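J.: Here's a structure for you.
Just so it is clear, none of the values below were taken in a lab; they were calculated from the coordinates. Everything numeric here is computed off the predicted structure, so don't read it as measured data. Glycine also receives a Cβ, built like all others from the backbone with ideal geometry; neighbour counts cover every protein chain displayed.
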Amino acid sequence: MRCDPRFSRVREVFERHFADGEEEGAAFAVYLDGEPVVDLWGGVADRHTGRAWQEDTPVYAYSCTKAVTATVLLQLAERGLVDVGAPVAEVWPEFAAEGKERVTVEHLLTHAAGLPVVEDPVPVEEFGDHPAIAARLAGQRPLWEPGSAHGYHALSYGFLVGEVVRRVTGKSVGELVAAEVAGPLGLDLWMGAPDPVLARAARLTAGGDGPRAPLSPAPGTSTPETAAPDSLAPGSPATGSTATGSTATGSTATGDAPSASALSDLAGASGDGGAFGRMARAVGDPQSLMNRALGNPSMQRLKGGANHPVIMRAGWPAAGLVTTARALAGFYRSLLAGDLLRPETLRYALRPRVGGPDRVLHLDSSFGLGYMRPASTFFVPSATAFGHTGLGGFVGFGDPEHGLAAAYVMNRMADAVSGSLRAYRLTEAVYRSL
């Protein structure tokens with residue numbers, strides 16, 4: 001393990017999580033100005049066998065995938081193969097059905113297309129057939145006027161963006177990740193993991209504190225050990241949305257802390273349960289837009305959920321990334337260095353396009369072109385950070401102003417509605433160390 005003495009407090013937080021029983025296995029990596037300063041790992045990769053977490057242990061990182069998928073599409077835009085502002089139907093004519101002829105690629109990247117749900121149940125036999133799932137979405141009518149609002153397209157995002165990629169290249173996002181991202185940069189990062197990677201991957205497990213949350217409206221399905229509400233940000237009282245409510249004393253972070261009234265509303269002090277209460281009610285309702293968005297295709301139909309080889313091989317472009325903390329942090333380091341996108345392309349992509357109440361998550365969210373920006377659902381101690389989080393508490397992010405790239409991965413999923421503070425504590429410690 002490596003930890004620059006300047007970041008000793010980060011190691012202290014990491015080790016305390018294990019001492020306090022909050023972790024099974026985990027890894028955290030940080031680059032500062034392109035140089036590795038933190039590379040920590042520990043615990044067990046599989047609690048059933050006791051297999052130790054190694055420095056190269058990969059894990060299924062859920063929605064951290066979306067930022068990688070967005071980067072692939074933006075690479076195509078740089079080459080003139082995709083016009084982000086153009087209608088999707090220009091490259092995917094069937095998509096124009098049901099009044100979607102004016103839906104743009106930007107709408108897909110910003111969760112504003114009104115297609116957060118795959119309406120018809122996707123059979124297991126179709127889990128690896130991305131074009132077939134995309135065809136289902138192409139035949140649907142948007143749930144709201146595209147561009148008039150945004151709502152987290154938890155799984156549909158990947159099939160929509162992925163089909164645009166396939167239409168202009170003839171290749172899947174996973175194939176391009178291997179050829180254009182992971183391969184050239186030497187990153188242990190896969191969208192569709194091969195068998196040797198599956199053999200050494202960590203096994204996800206639910207945490208032991210708090211209520212379990214349904215992720216699929218499908219009747220008669222069992223809850224896998226990975227079922228948990230989507231911790232969409234680095235740890236908070238509201239599914240990863242807010243943490244301590246203050247930036248670190250002495251930190252160079254630039255983000256403003258939420259006001260006391262904002263935190264009270266998230267926590268429910270406003271009387272109606274606040275944003276947290278509204279989100280919690282949605283989690284408990286199998287027919288809510290949140291659970292419908294998260295639950296089809298349904299991982300719960302397979303034993304072990306995301307641990308099942310079918311899921312890990314499927315390479316869903318919204319939630320199919322298998323990676324290490326070192327590789328995910330390295331991905332953001334490469335973005336900041338201009339190795340994956342031109343600096344002007346990244347700046348353009350990071351400009352927030354949508355913000356405010358999210359129709360699916362019931363919290364405020366903000367997105368550039370595929371990247372999360374600071375909001376209730378992506379709470380980081382810097383207003384200049386960007387990245388993406390994943391179910392259970394995963395996070396990867398970059399911060400161009402501070403020269404930071406970091407990632408946290410683990411196998412003990414946050415299973416309480418309140419989410420997990422682990423990633424936020426680590427991230428805060430990084431900023432306090434600057």
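J.: Counting other Cβ atoms within 10 Å, which trypsin sites (Lys or Arg not before Pro) in region 285-363 have at most 15 and lie in a DSSP loop?
T.: Lys303
J.: Oh, and also: If you rank Lys100, Lys171 by fewest surrounding Cβ atoms within 10 Å, what's the result? Before the final figure, lay out each step's value.
T.: On the way: Lys100 24, Lys171 15.
Least crowded to most crowded, the residues run Lys171, Lys100.
J.: Which lysines, if any, have their Cα less than 18 Å from the Cα of Lys66, not counting same-chain residues under 8 positions apart?
T.: Lys171
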